[in-house]
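Notes follow the structure.
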Amino acid sequence: MPTNFTAGPVRVRVPATSANLGPGFDALGLALGLYDDVAAEVASGGVRVAVTGQGAGELPDDDRHLVVRAMRAAFDVFGAHPAGLSVECVNRIPQARGLGSSSAAIVAGVLLARALVLDGEHRLDDDGALRLAAEIEGHPDNVAPCLLGGFTVAWSEPGGARAVSLPVADAVRPTVFVPAERGLTATARAALPATVPHGDAALTAGRAALLVHALTTAPTLLLPATVDRLHQGYRAAGMPGTSALVSALREAGVAAVVSGAGPTVLALSEPPAGFPVGTDWEIWQLPIDVSGARAARGRLGHAERDPVAAGRKS
């Protein structure tokens, strides 16, 4: 094996994420306790990707897979590419639902490549990993909580993406409503206008600032803090079921928003008992992940290979 790379496999656990959180468009995100486990090791040649769980039989099994593409981008930074790769993905984050499956794959790829390269953590620290992941993804709102955990505020500077992670108040109890239908971020972004009224921008900026206070200190303010006029209204026609559920939950006093680009709905406060949802939605109560992505040496264990999302309540 070339001396650029470590011997044996490495693994990483990456959390699901919900971005925007209403008014925090492209800036705010939350890491959730639902995980993909991914392992990789250097091979003598070729690329092999095995996928179980979400996306099995649909995702590419070669170097087109997003984890591998992210690994390649990280290897470019190190200036070293292995002859081949063997990758194993156990996916629990639903694909194309607004829960950060692509960001999880990108962060996993960056951290796996870093772990496989000798002295990788010193050559690419977490700040550098965030910048690279955000460059691959195109915006930092999902990759930041995936990498750092907790509630994150992310922004971009000329030198790249930056983010901070803040503690979340104990009373915040996320619930996600996941539909069978899928959505695409590119389609959702295409629905957004080039400009918005100044009043809408000002209102949303104020609510985003209030949301930081509500999530960290005063959860009783979550309902007014999640008012948004920048993106959710413009996307509603493309996700009528999502829009209707968000409206119904909010009318019941629940701080509900579209999760990322949708179509999943995120509730930051618990729905009332017996709230009518219908059979089109899976309902999962998820803890907030506070650790973010974590890499380690070795293969995936028996528990990590279980494709069922351990710990979620429905």
### Task
For region 89-186, would you read off the P(r) tail past 18 Å as a percentage of all alpha carbon pairs?
53 percent
### Task
Run the numbers on region 1-85 and let me know its relative contact order in percent, using alpha-carbon pairs under 8 Å that are six or more apart.
28 percent
#### Entry: Neighbourhood charge, 14 Å Cβ-Cβ cut-off, centred on residue 261 and excluding it, Lys, Arg +1 and Asp, Glu -1
-1
### Task
Kindly report the accessible area of region 1-146 per residue (heavy atoms of protein chains, probe 1.4 Å, no ligands, DNA or RNA), in Å².
33 Å²
### Message
Quick check on packing: order 214-223, 296-305 by the mean number of other C-beta atoms within 10 Å, highest mean leading.
### Response
214-223, 296-305
### Query
At a 1.4 Å probe, what is the % contribution of carbon and sulfur to the accessible area of region 40-116?
45 percent
### Task
Starting from 0 in steps of 10 Å, tell me what percent of the Cα-Cα pairs of region 1-100 lands in each bin.
14, 40, 30, 14, 2
#### Entry: Net charge, residue 29 excluded, C-beta distance under 14 Å - Lys, Arg +1, Asp, Glu -1
-3
## Note on the structure
Here the alpha-carbon Rg of region 59-131 over 2.2 N^0.38 Å rounds to 1.10
## Note on the structure
Over region 237-298, the quotient of the Cα radius of gyration and 2.2 N^0.38 Å is 1.39
#### Entry: Cα Rg over Rh - region 167-284, Kirkwood
0.96
### Query
Using only Cα atoms, what is the ratio of the radius of gyration of the chain to 2.2 N^0.38 Å?
0.99
### Query
Can you pull the percent of Cα pairs in region 113-166 with separation above 15 Å?
44 percent
### Within the chain, percent of DSSP bridges classed antiparallel, to nearest 5
85 percent
### Query
Mind ordering 139-145, 51-57, 205-211 by average Cβ neighbours within 10 Å, highest first?
139-145, 205-211, 51-57
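The values are calculated or read from the model by the stated rules, or taken from the named source; none is laboratory data. Keep in mind it's a predicted model, so treat the numbers as computed, not measured. Note that each Cβ is placed from the backbone with ideal geometry, even for glycine, and that neighbours are counted across all protein chains shown. Each accessible area value is taken on the protein alone, full model and side chains, heavy atoms only, with ligands, DNA and RNA left out. Shrake-Rupley method; radii C 1.70, N 1.55, O 1.52, S 1.80 Å.
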